[in-house]
1. Here is a check on your reading of the model: is Arg29 more than 16 Å from the chain's Cα centre (by Cα) and at pLDDT 90 or above?
2. Of the numbered conditions (1) open to solvent by 100 Å² or more (accessible area, probe 1.4 Å); (2) assigned to a loop (DSSP other than H, G, I, E, B); (3) at pLDDT 85 or above, Gln69 fails exactly one; give the number of that condition.
3. Assess whether Arg74 counts as being modelled with pLDDT of 75 or more and in a loop (DSSP other than H, G, I, E, B).
Amino acid sequence: MTVSQLVGQTPGQTPWSARVPLDPLFARRPESAMITNEERAHVIRLLHDSESEFLELTSGLSDPQWTWQAAPERWSVQQTAEHLVLGETAMLA
């Protein structure tokens, strides 16, 4: 299972919380600012490793634990997972 599947997002699907345009940080950059293929491969390995660790840490959570928020302005584990999916999707685009 992937984080995308865990939060109910299918690959290529835009989740409801992504209706706001992405920050200009992710706008197209000139060729000189692009990362190398080796750097990209390293980042992808790190993302896969962090995904595995996240799934291991959250696999035992119940539904109430998954959606619990310490306060209304605090994110639940589910909201945090969705945020990670959106960020990774933007980075890998």
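1. Judged against the criteria, Arg29 is not a match.
2. It is condition (1) that Gln69 fails.
3. On the way: modelled with pLDDT of 75 or more: yes; in a loop (DSSP other than H, G, I, E, B): yes.
Criteria met by Arg74.
The values are calculated or read from the model by the stated rules, or taken from the named source; none is laboratory data. Small disclaimer: the values here were computed from a predicted structure and weren't measured. Accessible surface areas use protein heavy atoms only, side chains included; no ligands, DNA or RNA. Shrake-Rupley method; radii C 1.70, N 1.55, O 1.52, S 1.80 Å.
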